[in-house]
Amino acid sequence: MTLALAAFSFVAPLHNVAIAKEGAGKAAAAIHPGASGLAVPRFVSLAKDVARMRAGPGVRYPISWVYQRKGMPLMVMAEFENWRKVRDTDGTEGWMHRTLLSGRRMAQLRGDINDLHQTPDAKSRIVLRAEAGVIGKLLACKGAWCRMELGEISAWLHRSEIFGALPNEEF
């Protein structure tokens with residue numbers, strides 16, 4: 001079975017704002033507490049159906065993107081008061097107010113077609129195939145594998161196939 005649940009998200013640029021993407025493809029070197037006391041970097045998800053990303057930490061900064069997909073995973077890169085600098089799956093970075101974000105763990109599938117397995121083993125039975133862009137609830141990550149819930153199905157896939165978990169994070 002192939003799952004293609006809302007594989008497309010709508011992200012609309014409002015005007016031409018340059019956003020730095022240094023290190024977008026690199027894993028964060030160290031985890032440290034941010035202004036909130038929570039670890040930085042960490043993953044969060046969008047709490048609202050519509051969320052505006054800004055060029056800086058405050059409403060006086062221009063809106064650079066509008067996201068229209070509740071549950072989309074984002075990596076918190078920095079904090080300033082009630083603002084969080086986040087990075088999306090494409091590497092776009094900007095600032096969002098903390099009320100737009102949720103601690104609910106979600107993940108977005110990468111690649112073309114992803115095989116999700118019954119157990120955390122590449123030789124185990126494939127219970128689902130899902131397209132890139134599909135977002136699901138992230139249940140657990142152990143070693144190289146993460147368990148996701150997509151619709152009514154819970155299954156395992158390789159950590160490298162998702163955006164939503166740090167390289168060595170376990171939960």
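Based on the Cβ-Cβ distance of LYS48 and LYS123, what FRET efficiency does E = 1/(1 + (r/R0)^6) give at R0 = 41 Å, to the nearest 0.05? Before the final figure, lay out each step's value.
Numbers: r = 41 Å, r/R0 = 0.99.
After rounding, the FRET efficiency stands at 0.50.
Checking the a/c ratio against 1.5 first, then a/b against b/c, what shape does the Cα gyration tensor give for the stretch 107-163? Walk me through the intermediate numbers first.
Values: a/c = 1.25, a/b = 1.18, b/c = 1.05.
Taking the square roots of the gyration eigenvalues as a ≥ b ≥ c, the stretch 107-163 is rounded.
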Q.
For the stretch 35-132, which GluC sites (Glu not before Pro) pass both filters: DSSP loop (anything but H, G, I, E, B) and at most 13 other C-beta atoms within 10 Å?
A. GLU81
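Treating only the Cβ of Lys, Arg, Asp and Glu as charged (+1, +1, -1, -1), what charge dipole size does the stretch 107-163 show about its Cα centre? Round to the nearest 20 debye. Please list the in-between numbers first.
Working: 8 positive and 7 negative charges, 42 e Å.
Computed about the Cα centre, the dipole is about 200 debye.
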Q.
Straight-line reach only, C-alpha to C-alpha below 12 angstrom: list the aspartates and glutamates that LYS123 could link to, leaving out same-chain residues fewer than 8 apart.
A. ASP115
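Only the coordinates and a few stated rules stand behind these numbers; no lab work does. Note that the structure is a prediction, hence the values are computed from the model and not measured. When we count neighbours, we look across all protein chains shown, and the Cβ atoms used for this are built from the backbone with ideal geometry, even at glycine.
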